[in-house]
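Here the structure comes first, spelled out in structure tokens, and everything after it is commentary.
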Amino acid sequence: MKYLLIFIFFAGSLKVHSQIDSNAGTYGLNPPLDTGVNIKWTLSLNPDGTFLYNFYRNLNCDIYSEENFYGKGTWKSEKSLIYFTTNEKDDLDETHTMNFNNTKARINRKSPRDISNKITKESIIFYSSEISTIKGLELFRTE
């Protein structure tokens, strides 16, 4: 009985850990623009439950040359949903100014039950956020 309880606990731990690892990775978007403007989004979901976000833009105009916006914090997953939190004391500073509290996203990937030849590029879509520039943003897995 003791060994059975240990096995169940260990198996449950592996399931939670593997779920985080399957969503961990780098997601991004760098659309080609003909105007000479360069815009790039990068989101790194680390296996330890932390994340780093960067939005970069180079507008090629006299007023603004380059801008970077950063955010960091922790994330957790429940099935295909990702919940972001930012600790205001530890995660916000002069560089990391974006507060991801109350931000939610969904991972899109091909279902293991789908046996078609359809190619689905894995992505993350932000569907709820207090940051207006994040809501509706879709970033594609790069690694």
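Since every read-out is calculated from the coordinates, none of them should be taken as a lab result. Small disclaimer: the values here were computed from a predicted structure and weren't measured. Counting neighbours? That spans all protein chains shown, and the Cβs are built from the backbone with ideal geometry, glycine included.
Provide a single number: the residues in the stretch 101-143 that are aliphatic (A, V, I, L, M) and out of contact with any strand residue (DSSP E or B) (no Cβ under 9 Å at 6 or more places or on another chain).
We begin by selecting, within the stretch 101-143, every residue aliphatic (A, V, I, L, M); these are 105, 107, 115, 119, 124-125, 131, 134, 137, 139.
Next, only the ones that are out of contact with any strand residue (DSSP E or B) (no Cβ under 9 Å at 6 or more places or on another chain) stay: 115, 119.
Adding up the residues that qualify gives 2.
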Residue within the stretch 75-87 that is part of a loop (DSSP other than H, G, I, E, B) and farther than 25 Å from Ser123 by Cα present: yes
Of all residues making up the stretch 30-49, the number that are farther than 18 Å from Ile134 by Cα and in contact with a strand residue (DSSP E or B) (Cβ under 8 Å, 6 or more places away or on another chain): 4
Among the candidates Ile63, Ile107, Ile119, Ile115, single out the residue that is among the hydrophobic types (A, V, I, L, M, F, W, C) and in contact with a Ser or Thr (Cβ under 7 Å, 6 or more places away or on another chain). Ile107
